[in-house]
Structures are given as C-alpha cells and as structure tokens.
Amino acid sequence: MRHLLKRFRKNEAGHASLEFVIMFPILFMILLSSIEIGVMTLRASLLERAVDIAVREVRLTTGTSPSHQKLKEMICDETNVVPDCLNNLALEMYLIEPRNWYDISSTAACTNRAEDVEDPDNYQHIENGMDNELMILRACAKFDPMFTDIGVSSFLSRDDAGDSAIVAMSAFVQEPR
C-alpha cells in the first residue's frame, strides 16, 4: 500500500487537466463579461448619438416644437440597438434657468415592462421654454442583458422585468424665434 501511494504522489499525469479545470471557468467568465461590456458600450454610444442628433434637430429648427412622441420617434429612428424602442425609451426634459440653478434628480425615470406605460411626469414641453433658456433632455432605454447572472451582468441593477437601463443626456438652449 505504501508503494502505491508513493507512486501515486509522484505521478504527474493529468496535471494539465487540473489546471484547465481550475482556470477555464475564470477565463470563460472574463470572456463573457468582455462581450457584455462591449455590447453595453455600443448601446450607450448609439443612444447618446441618437439623442444628440435629435437635440440638434430640435435646436436648429426654431419655431417648431416636436411633441413628446415625435421626439421619441426622432431618437428611435437614429438608433437600432434599443429593442422595441418606442415602448422601452423614456424621456425627461427639464427647463433650467442658469441664474436660478437647481440640480435634477440623479436617478433617471425609466420604463418598466412589468408595469403599464404612463405619461412622463418630468417632461417640460419644448414650447414651455422661452428664448435663450436651457433645456436638459435625459433619455433612458431598457434592454435585456445578454448573459444573466454571469460576470458583469450579475452586478447590473435591474427592474421587476429583469431589464437594465442605459441613460443618455443632452442639453441645449432654446434659440430665439
């Protein structure tokens, strides 16, 4: 028996398999996290770009004020990475007076597929802003994470439907009409 245990201790067969079994789950989790972060970054960049393009269009076409729904359509036309964009996109618009500054809420109002869609409470219509007044637009888009509870996805905050949010902000000044 002693001879068999000594031979077993000195045998190095299967050494690489043991390293593979220990390291593979770690490397696989890093790979999946990299893919998830890449997709989230792409979604965030394209949403930010779409909001900037819509705000630019609103800012340059003085005299016309798009409705809440029209502004959502303008943003959704520019981005393809938000699934069911018109239903998963929530907009907030604030009228800020630069000489009477106040901070807007740090948490964005987002949609929740587990609840009915409601009209936004924090939306100051563009026509409410006078000439040379600062308007801040914040868009929140919901998406399903690609890998649930694996790697980075396990750290994302989620709503009741299991969706995570991407938020984009833009500011503009009402041009004189």
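Name the residues in the stretch 138-153 that are open to solvent by less than 20 Å² (accessible area, probe 1.4 Å) and more than 15 Å from the chain's Cα centre (by Cα), would you?
Answer for the stretch 138-153, where residues must be open to solvent by less than 20 Å² (accessible area, probe 1.4 Å) and more than 15 Å from the chain's Cα centre (by Cα): just GLY151.
Suppose we filter the stretch 44-60 for residues that are in contact with a Ser or Thr (Cβ under 6 Å, 6 or more places away or on another chain), in contact (Cβ under 8 Å) with a residue 40 or more places away in the chain and open to solvent by 40 Å² or more (accessible area, probe 1.4 Å); how many remain?
Total satisfying the criteria: 1.
From SER34, SER17, which residue is assigned to a helix (DSSP H, G or I), more than 30 Å from SER157 (Cβ to Cβ) and among the small types (Gly, Ala, Ser)? Steps first, answer last, please.
On the way: SER34 fails: more than 30 Å from SER157 (Cβ to Cβ).
Exactly one residue qualifies, and that residue is SER17.
Counting only residues that are in a loop (DSSP other than H, G, I, E, B) and either under 29 Å from PRO98 (Cα atoms) or open to solvent by less than 40 Å² (accessible area, probe 1.4 Å) (or both), which one in the stretch 154-177 is modelled with the highest pLDDT?
Just the residues of the stretch 154-177 that are in a loop (DSSP other than H, G, I, E, B), to begin with: 156-163, 174-177.
Then drop every residue that is not either under 29 Å from PRO98 (Cα atoms) or open to solvent by less than 40 Å² (accessible area, probe 1.4 Å) (or both), which leaves 159, 162-163, 174-177.
Numbers: ASP159: 77, GLY162: 76, ASP163: 81, GLN174: 68, GLU175: 67, PRO176: 66, ARG177: 62.
Step by step, filter the stretch 154-177, then rank; the result is ASP163.
Would you confirm whether any residue within the stretch 87-99 is open to solvent by less than 90 Å² (accessible area, probe 1.4 Å), assigned to a strand (DSSP E or B) and among the small types (Gly, Ala, Ser)?
Checked against the condition, which is being open to solvent by less than 90 Å² (accessible area, probe 1.4 Å), assigned to a strand (DSSP E or B) and among the small types (Gly, Ala, Ser), the stretch 87-99 yields at least one hit.
Of the residues that sit in the stretch 117-137 and are open to solvent by 80 Å² or more (accessible area, probe 1.4 Å) and not polar (S, T, N, Q), which one is modelled with the highest pLDDT?
MET130
The values are calculated or read from the model by the stated rules, or taken from the named source; none is laboratory data. Keep in mind that this is a model prediction, so the values were computed, not measured. Cβ atoms come from the backbone with ideal geometry, glycine included; neighbour counts cover every protein chain shown. The area values use the complete protein model at the heavy-atom level, side chains included, leaving out ligands, DNA and RNA. Shrake-Rupley method; radii C 1.70, N 1.55, O 1.52, S 1.80 Å.
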